[in-house]
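Read the figures in this text as sums done on the coordinates, not as results from a lab. Here the structure is a predicted model, which is why all the values come from computation and not from measurement. Cβ placement follows ideal geometry from the backbone for every residue including glycine, while neighbour counts extend to all protein chains displayed.
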Amino acid sequence: MTSPSRVPNKLGVESPHRAWWLALGVSFATALLIISPFFRLGVASGHDISFHASSWLDAANQWKEGIIYPRWTEWANYGFGEPRFVFYPPLSWMLGAALSLVLRGNAVPGAFIFLSQTLAGLSMFALARRFLSRSAALFAAACYAANPYALLIVYMRSDFAEELAAVFLPVLLLAALQVGGLIENSWRSPRRAIAVFALLFGATWLSNAPAGVMASYSMALLFAWAAFRGKSFAPLWRGAAGLALGFGLTSFYLLPAAYEQRWVNIAQALSSGLQPSQNFLYTQINDPEHNLFNWIASSIAVLLILLAGIASVVAKRSVENSEASEDARRVWQTLLLLSGAATILMLRPSSLLWEHLPKLQFVQFPWRWMGILAVPYAYFAAATIARKQIGWIVAAIVLLAVASMGVYLVHKTWWDADDIPALQEAIAKGQGFEGADEYDPIGDDRYNLPQKAVAVRILRTEASNGSAPTARVDIQRWTAEEKVVAVSSREPVRVALRLLDYPAWRVELNGSRVKPEHGESTSEMVFRLPAGLNRITARFAHTPDRTSGDVLSLGSLLALSVVAFARTRLSQESAHR
């Protein structure tokens, strides 16, 4: 493993721009190769394709209504809605929504994957180029962009949010190494390194919550290792500052998501089949489909562990040679530590950690730690190139194994060109789509909601003789976050809105705040109206927890600006004196 500063260059000093253009080309080509089956077979219809695609389409529709940051998913639960956007991190569904506005429906998943994997390759190149030769760093970019876990996500899981989070992990690790003092700080100012780390850490959380949890524990372990190795508490304080600042930046999302969990059936995220205890490597339950997928995921995890392990052993010999920098040795040790931790957490003996470490259970699937392991895997695989003949043998094994696995996944997945067009048609016809159990408001059973309900229904009253009274309904405004309905009748009536009750909805009847009744076994809003003209208004309010989160994020952004630029400005002022 040779420091890039010592790599001979026959043409003189290497242009950094040329290296980055090469990295872009390699990442671009790798991402294009990954999505090449899409051109012939259609869209990979993985487990989460409908969830993500429906979020993209719903968010895009709300942008057209002028709602910049949606919170309520209007067309979930077949038009009754759910607070999905309160709880699901925004970066992935915003990117998908943006792509859906400029591309045809079936082109969006491929474009999302292509963009994510290209950026992932560049991110890995940024990490590897600090310590490896240019050719090795380029190989690292290709290895990471097409790592086994990424291929599992692309072809069988369709978890676009987790795929986007993977973009930030290599550069997050690079920033953490500098904050922890394990390598030389390229930003010179320790505070600027903390600011960069906080931004990348926040971006990971805003992409995918399970990836955010894994990144949090991984970074905490890294800072603890740095403190132990350096026999100093300084890495812990700097790391804690970076983590706190990163959490602060994401408070506009995290604080409402944490506070409003009491308003939904969030425990359904850990229902049968989704619990960590049921998803350790090669675990079987009474569900053949679950067992088949877990076997595939487990086999890919074992492959990734073996490839990373073999490559780390070969790379270690390069680290031990006299030309390798001390930084490179520390990076190898740190990546080996993270690899070991990720591997252990995929195995059943780690169940005690899953039960007691805060929020770790919400990662759900222990094999998700392949996302963390993929970074050391790509780095170690690239580092073996310095070993000449044996290194190229390892590289060939890696390429052959990944290519074979990719071909297997392409043939194993379900390809479908109708998923997104069907969702688009359902929204256009006002029918909506299926909701998610964990975002269903407390007291509601979404399975009892009618799938083809009109926006406003007149219900029977106790005094009616089997049929609903006659009333005139005037829908004056009906958007994702505001419903205004006028109902005129000659006798008292009961009216149901196609809308689930949720504490964030501010509901008024004729200008006075009211609490709606609910349907049987559902939280559908129901109102008792007197005879005459009545006006119902429901607006999705800016709740105190959202306001607090916005203020905290704004304060953290100001603090980040001070941390990043104050020292530089002071230094410049001193230089002019």
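Descriptive notes on the structure:
- Inter-site label distance for SER277 and LYS515 at 7 Å from Cα along Cβ, in nm: 3.7 nm
- Full-extension gain in nm, GLU508 to GLN333, via 0.36 nm per residue minus C-alpha separation: 56.8 nm
- By the count of neighbouring beta-carbon atoms within 10 Å, fewest first, HIS411, HIS518 end up ordered HIS411, HIS518.
- Considering only ASN147, MET346, PHE80, the residue lying farthest towards the positive end of the dipole of the chain is ASN147, judged by Cα position with unit charges set on Cβ.
- As a calculated quantity, the FRET efficiency between ALA107 and ARG229 at R0 = 56 Å, using C-beta atoms, amounts to about 0.70.
- Inter-label distance, SER186 to LEU236: 3.0 nm, where each label sits 7 Å from its Cα along the C-beta direction.
- Counting other Cβ atoms within 10 Å as a rough exposure proxy, the listed residues ASP474, ASP419, ASP440, ASP550 run ASP474, ASP550, ASP419, ASP440 from fewest neighbours to most.
- Mean residue ellipticity (222 nm) of the chain, computed from DSSP H runs ≥ 4 via -39,500 (n - 2.57), nearest 500: -18500 deg cm²/dmol
- Summing Lys and Arg as +1 and Asp and Glu as -1 over all other residues whose Cβ lies under 15 Å from the Cβ of TYR155 gives a net charge of -3.
- Hydrodynamic radius of the stretch 490-543 by the Kirkwood approach over all distinct alpha-carbon pairs: 11.7 Å.
- Approximating the spin labels as points 7 Å out from Cα along Cα→Cβ, the ALA258-to-LEU306 distance works out to 4.2 nm.
- Between the Cα long axis of helix 419-428 and the first principal axis of the chain there is an angle of about 30°, rounded to the nearest 10.
- Positive minus negative residues near PRO256 (Lys, Arg vs Asp, Glu; Cβ under 10 Å): -1
- Dipole magnitude of the chain about its Cα centre (Cβ charges: Lys, Arg +1; Asp, Glu -1), debye to nearest 20: 1940 debye
- Compared with the dominant principal axis of the Cα atoms in the chain, helix 49-64 is inclined by about 70°.
- Percentage of interatomic Cα-Cα distances in the stretch 448-541 larger than 20 Å: 31 percent
- Neighbour counts of other Cβ atoms within 10 Å put ILE67, ILE344 in the fewest-to-most order ILE344, ILE67.
- Computed FRET value (nearest 0.05) for THR547 with ILE393, which takes r as the C-beta separation and R₀ as 41 Å: 0.10
- For the chain, the longest principal axis of the Cα atoms and the long axis of helix 134-145 meet at an angle of about 30 degrees.
- Ordering 325-335, 76-86, 493-503 by mean Cβ neighbour count within 10 Å, with the highest value first, yields 76-86, 493-503, 325-335.
- Diffusion constant of the stretch 287-424 at 25 °C, which comes from Stokes-Einstein with the Kirkwood Cα-pair radius and 0.890 mPa s, µm²/s: 143 µm²/s
- ASP445/ASP287 FRET efficiency (R0 22 Å; Cβ-Cβ; nearest 0.05): 0.45
- Per residue, the convex hull spanned by the alpha carbons of the chain comes to 180 Å³.
- If you model the stretch 171-242 as an ellipsoid using its alpha carbon gyration tensor, with each semi-axis the square root of five times an eigenvalue, the axes come out at 19, 14, 9 Å, biggest first.
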